[in-house]
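Peer 1: I am attaching a structure below and will ask some questions about it afterwards.
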Amino acid sequence: MTDPIMDEFRSFNNLPREWVKYRCRSCDHTDWIDEIIVDAFPPTEPGGFPAIVCPECGGDFLYDPSEPPRDSVEHPDCPS
Ligand SMILES: [Zn+2]
C-alpha cells in the first residue's frame, strides 16, 4: 500500500539542501543549519543570513563564514 503524499514527501526529503555553519556568540556551540530554516527568518546579518537563537544557551546564533556551506541530503554531522 502506497501513500502518494508520503511518497512525495520522501522524494522531497532526498534532495540535497544547502547547510550553513552557525556558531553561538555566547557559548561557542556550533551546528549546521538547513537552508529551509535560514530562509524562514529575516536576513538581518551581513551576507543575507538571519541571526537565530542558540539552542544551547539562548544567545546569538550567527553564521560562521570560516566554514563553507555544504550540500547534503541529511544533517552534515549525521553518519549516513
Ligand atoms: Zn549558545
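The values are calculated or read from the model by the stated rules, or taken from the named source; none is laboratory data. Fair warning: this is a prediction, and the values are worked out from it, not measured in the lab. So basically every Cβ, Gly included, is an ideal-geometry build from the backbone, and we count neighbours across all protein chains shown.
Peer 1: Which is in contact with a Ser or Thr (Cβ under 8 Å, 6 or more places away or on another chain) and surrounded by fewer than 15 Cβ atoms within 10 Å (Cβ to Cβ), of P50, P16?
Peer 2: On inspection, the qualifying residue turns out to be P16.
Yes/no matrix, rows are residues, columns are (1) modelled with pLDDT under 95; (2) within 10 Å of the chain's Cα centre (by Cα); (3) part of a strand (DSSP E or B); (4) among the hydrophobic types (A, V, I, L, M, F, W, C):
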{"position": "R10", "(1), (2), (3), (4)": "yes, no, no, no"}
{"position": "K21", "(1), (2), (3), (4)": "no, yes, yes, no"}
{"position": "D31", "(1), (2), (3), (4)": "no, yes, yes, no"}
{"position": "F41", "(1), (2), (3), (4)": "yes, no, no, yes"}
{"position": "P79", "(1), (2), (3), (4)": "yes, no, no, no"}
